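Colleague: Sharing a structure, written as structure tokens. Questions coming.
The values are calculated or read from the model by the stated rules, or taken from the named source; none is laboratory data. Everything quoted here is computed from the prediction, not taken from an experiment. Here the Cβ positions follow ideal geometry from the backbone for every residue, glycine too, while neighbour counts run over all protein chains shown.
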Amino acid sequence: MSSQPGLVAVITGGASGIGQGLAEEAARRGMRLVLADLDGPGLERVRVALRTMGAEVVTKVTDVGQLPQVEDLRKFAVEHFGSVDLLFNNAGVMQTGYSWEISKAQWQRMIDVNLNGVIHGIRCFVPLLLRQGRGGHVINTASLAGLLSSPLLAPYNVTKQAVVALSETLHYELGLLGAPIAVSVICPGPVASAIMRSNQHSDAAGDDLSQLLDGRIRTGMSPTELAKLVFEAIDAKHFWILPHKTFKGALERRVRSILEETNPQFRMPEVQGEEHAPQ
Ligand code: NAD
């Protein structure tokens, strides 16, 4: 399914950053929108901005980590628009620090939002897309961290790599059924957003990394530019959406290290001379 006017897109984490960028691009393409986020005032701000663009948009405060709330989101979307065509599982949070110093509650929050949020989205919406019997598209926001592990980002690496695995599995499963539902996974490097505000780092190492990431994210790709690339990829039915090309060297080194059974060596992905440094 390509991004035609009139289609209904559900976007989680729609009140800020990448989700807001996706919502604006969807609105420019004439889609009808259901935006979900924990942040009610943020949702209202985005709703008003999209309304001035002439978009049909409804919002629902939702914690994607809570299955009943995601079920309510599906009911809400169907009540308003009768159907759903595109699902963006995009809400996410950040956590830095040494793996063993991150608390149980911090690990749990990352798993609940970054992984369970996507699982809940798939469990609640894919049966609806299948029942509708026409095209659909599930787009999961993972990260560069979904393909490459960096130190001091354990829960982020773990949850994002799980989202990549889940996306690939879903793609194969829908293919087995011959269902006309496409799947894409977005693996961006730094994108200018508010994500570092969600970081609950509590040690010096986490603090240092947090400052480094903060700088990279502040000067990262704009959500508007990212959203354009994402919708082009949706139209082309691409599974992999890798907006930052510079990290492919690091990915190649990782795969080579696996195939040659050599120990992994961490190197910051190349940033020099690149407009958008990979995260
Ligand atoms: P952001 O903080 O600007 O937006 C994330 C949104 O998700 C916020 O509005 C927040 O309120 C919402 N959210 C957080 N927890 C939620 C929950 N439990 N339920 C519903 N909504 C919740 O950050 P962003 O960078 O736009 O993040 C969007 C996605 O992009 C995340 O999955 C993130 O991991 C991913 N990502 C970001 C970058 C980057 O550099 N910004 C890079 C790669 C991947």
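Colleague: Of everything in region 136-172, what is under 21 Å from residue 237 (Cα atoms) and either among the hydroxyl-bearing types (Ser, Thr, Tyr) or at pLDDT below 95 (or both)? Give them in sequence order.
Modeller: Within region 136-172, 141, 143, 167, 169, 172 meet the criteria.
Colleague: Among the residues of region 77-114 satisfying the criterion of being among the aromatic types (Phe, Trp, Tyr) and more than 14 Å from the ligand (Cβ to nearest atom), which is nearest to residue 23 (Cα to Cα)?
Modeller: Result: 81.
Colleague: A further question follows. Name the residue, out of 216, 197, that is over 30 Å from residue 130 (Cα atoms), in contact (Cβ under 8 Å) with a residue 40 or more places away in the chain, part of a helix (DSSP H, G or I) and among the basic types (Lys, Arg).
Modeller: 216
Colleague: Report, ordered by the first and then the second residue, all pairs with beta carbons closer than 9 Å, sequence separation of six or more or different chains, a first member in region 5-34 that is closer than 16 Å to residue 136 by Cα and touching a residue at least 12 places away in the same chain (Cβ under 8 Å), and a second member that is outside any helix (DSSP H, G or I) and aromatic (Phe, Trp, Tyr).
Modeller: Partner pairs satisfying both residue conditions: 9/88; 10/88; 11/88; 26/88.
Colleague: Can you pull out the residues in region 26-59 that are crowded, with 17+ Cβ neighbours inside 10 Å and near the ligand (Cβ under 10 Å from one of its atoms)?
Modeller: 35, 36, 37, 38, 42, 43, 46
Colleague: A further question on this structure: Within region 197-212, which residues are more than 8 Å from the ligand (Cβ to nearest atom) and out of contact with any Phe, Trp or Tyr (no Cβ under 8 Å at 6 or more places or on another chain)?
Modeller: Once the filter is applied, which keeps residues that are more than 8 Å from the ligand (Cβ to nearest atom) and out of contact with any Phe, Trp or Tyr (no Cβ under 8 Å at 6 or more places or on another chain), region 197-212 yields 199, 200, 201, 202, 204, 207, 208, 209, 210, 211, 212.
Colleague: Also, quick follow-up: Out of (1) in contact with a His (Cβ under 8 Å, 6 or more places away or on another chain); (2) part of a helix (DSSP H, G or I); (3) buried (at least 16 other Cβ atoms within 10 Å of the Cβ), the odd one out for residue 207 is which?
Modeller: So the condition that residue 207 fails would be (3).
Colleague: Would you call residue 182 surrounded by 17 or more Cβ atoms within 10 Å (Cβ to Cβ) and either modelled with pLDDT under 95 or under 12 Å from the mean Cα position of the chain (by Cα) (or both)?
Modeller: No: the conditions fail for residue 182.
Matching residues to (1) part of a strand (DSSP E or B); (2) within 24 Å of residue 235 (Cβ to Cβ); (3) acidic (Asp, Glu):
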site	(1), (2), (3)
42	no, no, no
45	no, no, no
63	no, no, yes
69	no, no, no
74	no, no, no
84	no, yes, no
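Colleague: Right, next: Restricting attention to region 125-145, which residues are within 11 Å of the ligand (Cβ to nearest atom) and either polar (S, T, N, Q) or more than 29 Å from residue 4 (Cα to Cα) (or both)?
Modeller: 140, 141, 143, 145
Colleague: Consider region 86-109. How many of its residues are crowded, with 24+ Cβ neighbours inside 10 Å and not in a loop (DSSP other than H, G, I, E, B)?
Modeller: Total satisfying the criteria: 5.
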